[in-house]
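The next block holds one structure in the form of structure tokens; read it before the comments.
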Amino acid sequence: MKNQSGLTLLEVTIALAIILVVISGMLIGNRSSSEYSSLRSAAILLQADMRYAQRRAITEGRRVGIAFDPAYNRYTIITERPFSTIRTVYLSDGIHLHETSHARLIFLPRGTASSAFRLTLRSGTYWQRITATLSGGQVRIHDIIKEEHDGT
């Protein structure tokens, strides 16, 4: 009796099917992961711009803020008295300014915010909330939330 080495057609087919399932899962996961990482990057950039506005308010001794424009999916860093635009930032594709508590976040010369502020960014099924506290002007990025669909 001969010992035959090698794989049967059935074994090869099963191995390929398993590989295809794993690859398709990775592709679906990468799309979701891409939304997540894009949202996180946008939130970190916005947080950095908020802190920049706050530091500039302190160093220049005047009000510096960020004006949010959801219609054009952008925000603008501004100074007041005299009014000037420092920089306008358009959010990347797939990231949307979903909700803001105010149209502007203004930092006072002492570094505090003129009012408590809340903003929500959205990318696909992911949500990211960013807040600024009134008293200390602290800017905080909250955990990303994934919206779950119940199939209804």
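Cβ-Cβ contacts under 7 Å between residues 6 or more apart (or on different chains), taken from a first residue in the range 47-60 that is touching a residue at least 40 places away in the same chain (Cβ under 8 Å) and assigned to a helix (DSSP H, G or I) to a second residue that is surrounded by fewer than 17 Cβ atoms within 10 Å (Cβ to Cβ) and among the small types (Gly, Ala, Ser), are listed as 54/111; 57/111; 58/111.
Between 119, 97, 105, which is of a type in the set (A, V, I, L, M, F, W, C), in contact with a Pro (Cβ under 8 Å, 6 or more places away or on another chain) and surrounded by 14 or more Cβ atoms within 10 Å (Cβ to Cβ)? Let's see the steps before the verdict.
Details: 119 fails: in contact with a Pro (Cβ under 8 Å, 6 or more places away or on another chain); 105 fails: in contact with a Pro (Cβ under 8 Å, 6 or more places away or on another chain).
Among 119, 97, 105, only 97 is of a type in the set (A, V, I, L, M, F, W, C), in contact with a Pro (Cβ under 8 Å, 6 or more places away or on another chain) and surrounded by 14 or more Cβ atoms within 10 Å (Cβ to Cβ).
Mind checking which residues of the range 80-122 are under 14 Å from the mean Cα position of the chain (by Cα) and among the acidic types (Asp, Glu)? 93, 99, listed by residue number.
Let's see how each residue does on (1) at pLDDT below 90; (2) more than 20 Å from the chain's Cα centre (by Cα); (3) buried (at least 16 other Cβ atoms within 10 Å of the Cβ):
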site	(1), (2), (3)
33	yes, no, no
41	no, no, no
49	no, no, yes
63	no, yes, yes
67	no, no, yes
70	no, no, no
78	no, yes, yes
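The values are calculated or read from the model by the stated rules, or taken from the named source; none is laboratory data. Quick caveat, the model's predicted, so the values are computed rather than measured. With ideal geometry, Cβ positions are generated from the backbone for all residues, glycine too; neighbour counts draw on all protein chains shown.
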